[in-house]
Amino acid sequence: MSEIRKLDLAWLGLVLLSVGGAALGGRPDAGLGVTALVALVMGIKVRIVCDHYLELPTATRRIRRAMYAFCYGMPIVVILTSAFGDTLARLTGALI
């Protein structure tokens, strides 16, 4: 399969995942399960972007690890914010 074809399929996958994530997260009063599914979609999208568009597999190990840690950390932060949002708001409000 040509490189252009792979990029086209990756782009189509990103569009489908974006629509699916918006449909999942767009519901009112979404529970922690829906948040976990949205975070999973985020993680899959991050992996597609990093591998096909940022070309991280060819980057140095230090840059690759830092980018993957940041990108996979975001879905974790989304889940933690959904689970402990009130507590986090109180803690950050006390810091300010």
(message) I need the Debye-formula profile for the chain: one equal scatterer per C-alpha, no solvent, reported as log10 I(q)/I(0) at q = 0.15, 0.19, 0.22 1/Å, two decimals.
(response) -0.73, -0.97, -1.10
(message) Using each residue's phi in the range 12-20, evaluate 6.51 cos²θ - 1.76 cosθ + 1.60 at θ = phi - 60° and report the 3J(HN,Hα) Karplus result to the nearest Hz, with x for Gly and Pro.
(response) 4, x, 5, 5, 5, 5, 5, 5, x
(request) For every helix of n ≥ 4 consecutive DSSP H residues, a contribution of -39,500 (n - 2.57) applies; sum these over the chain, divide by its total residues, and give [θ] at 222 nm rounded to the nearest 500 deg cm²/dmol. (result) -29500 deg cm²/dmol
(request) Using θ = phi - 60° and the Karplus relation 6.51 cos²θ - 1.76 cosθ + 1.60, list the HN-Hα couplings for the range 68-82 in order, rounded to whole Hz, with x at every Gly or Pro. (result) 5, 5, 5, 5, 7, x, 4, x, 5, 5, 4, 5, 5, 5, 5
(message) If the only charges are +1 at each Lys and Arg Cβ and -1 at each Asp and Glu Cβ, what is the size of the charge dipole of the range 3-95 around the Cα centre, to the nearest 20 debye?
(response) 320
(message) Please list, in order along the range 36-42, the HN-Hα scalar couplings obtained from phi with the Karplus expression 6.51 cos²θ - 1.76 cosθ + 1.60 (θ = phi - 60°), rounded to whole Hz, x for Gly and Pro.
(response) 5, 5, 5, 5, 5, 4, 4
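Only the coordinates and a few stated rules stand behind these numbers; no lab work does. None of these values were measured; they are calculated from a predicted model. Here the Cβ is made from the backbone with ideal geometry for all residues, glycine too, and neighbour counts use every protein chain on show.
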